[in-house]
Amino acid sequence: MELIPGSAVVTGGSRGIGRAIALRLGQLGTPVAIGYTRNVDKAEQVAAAIVAAGGKAAAIQVDVSKAEQVDEFIAAASQAVGPIGILINNAGITRDSLLLRLQKQAWADVLATNLDGTFYCTQAVLRGMVKRRSGRIVNIASVVGIHGNAGQTNYAAAKAGIIGFTKSLAQEVAKRGITVNAVAPGFIATDMTASLPANIQDQYLNKIPSGRYGKPEDVAAAVTFFCSASAGYITGQVLSVDGGLSM
Ligand code: NAP
């Protein structure tokens, strides 16, 4: 698969879905800046794996919920791996609770990392993409942002926000050679879902027509498709990668 020219930024690339996306982009020959917030060792292992396979990569620390850190992060990423053609807004957190018990801080944190972070990173890379008249932005949403989920009002609101953001920005930049799409994963086996109680995990499994949890690589395959040179006429879309869960 041939990707568009330029380097890539993957936020939350140290673990889980972001890690699989970074490795796949690296395998396809794109230089990758891997954002992480705490797990420096894991992020550097991802970068080292890409370099060991003959690619180019750098691990760079950032808290995507802090606008000033994001500007420095994007500047450091371009310096390390070159002009950014691909942005994957993947960094995300959950703080689940029924609404009556939801702490205001848990609402704010989830919105700040998932939604504000997507806005900050996108704004920081967009000017360069507009100048070069080329870019691919892929936002990691969730099936929960489409269908809702009890106990996740904060997370569902953030992910629904990402979908509205995706479709609106897609319309703003379509004539500039930039596509903006979202991938909505279902239940993917990562640290995020490992923390769910076993009975909840089993309930999900029973509802997935494919009969298995998703793998981070399943999501990475959809993301890299949107970044391919041949996907230039696809924009403003939300692709569920969920084994049929949300049918
Ligand atoms: P994960 O395993 O918990 O990894 C989260 C990643 O985000 C880590 O790399 C983490 O960095 C980074 N991160 C967290 N807070 C950050 C911040 N403030 N600034 C920068 N980076 C930050 O999660 P995952 O399951 O791979 O999920 C990745 C994305 O997919 C998220 O947006 C999530 O909402 C979405 N998603 C996941 C599922 C699923 O079933 N797993 C389903 C639907 C959507 P550190 O390693 O440094 O902490």
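Per residue, the convex hull spanned by the Cα atoms of the stretch 22-99 measures out at 109 cubic angstrom.
To put it simply, the accessible area of the stretch 95-220 at a 1.4 Å probe is 53 percent carbon and sulfur.
The GNM of the chain, with springs linking C-alpha atoms under 10 angstrom apart, assigns the highest mean-square fluctuation among Ile200, Ile162, Ile88 to Ile200.
Pick from Ala91, Ala52, Ala141 the residue whose mean-square fluctuation is largest in a GNM of the chain, springs joining Cα atoms under 10 Å. Looking only at Ala91, Ala52, Ala141, the largest GNM fluctuation is found for Ala52. A helix-only calculation puts the chain at -14000 deg cm²/dmol for mean residue ellipticity at 222 nm, using -39500 (n - 2.57) for each DSSP H run of at least four residues, averaged over all residues. With 0.36 nm allotted per residue and the present C-alpha distance subtracted, the Met247-Gln105 stretch has 47.8 nm of extension available. Can you tell me what percent of all Cα-Cα pairs in the stretch 151-227 are more than 15 Å apart? Beyond 15 Å sits 68 percent of the P(r) for the stretch 151-227.
Largest accessible area first, the residues Ser65, Ser210 order themselves as Ser210, Ser65 under a 1.4 Å probe with ligands, DNA and RNA left out. Any idea how far the Cα center of the stretch 54-90 sits from the one of the stretch 132-191, in Å? Using only Cα atoms to place each centre, the spacing works out to 19 Å. Only Lys, Arg, Asp and Glu carry charge here, each on its Cβ (+1 for the first two, -1 for the last two); on that basis the stretch 57-176 has a dipole of about 520 debye about its Cα centre.
Pairwise Cα distances in the stretch 66-186 exceed 27 Å in 21 percent of cases. Count Lys and Arg as plus one, Asp and Glu as minus one, and take only other residues whose Cβ is under 15 Å from that of Ile21; the net charge is then +4.
For the stretch 145-247, a simple Cβ point-charge model (Lys and Arg +1, Asp and Glu -1, everything else neutral) yields a dipole of about 280 debye relative to the Cα centre. When Rg and the Kirkwood Rh are both derived from Cα coordinates, the Rg/Rh ratio for the chain amounts to 0.95. For Leu3, the residues whose modelled amide H falls within less than 5 Å of its own, excluding neighbours fewer than 5 places apart on the same chain, are Ala229. Build a GNM of the chain with springs between Cα atoms under 10 Å apart, and of Val138, Val125, Val51 the one that fluctuates most is Val51. Spin-label pair Ala75-Ala221: with each label point 7 Å from Cα along the Cα-Cβ axis, the two points sit 4.1 nm from one another.
The values are calculated or read from the model by the stated rules, or taken from the named source; none is laboratory data. All values reported here derive from a predicted model rather than from experimental measurement. Here Cβ is always computed from backbone atoms with ideal geometry, including for glycine, and neighbour counts include all displayed protein chains. Heads up: the accessible areas ignore ligands, DNA and RNA and are worked out on the full protein's heavy atoms, side chains in. Shrake-Rupley method; radii C 1.70, N 1.55, O 1.52, S 1.80 Å.
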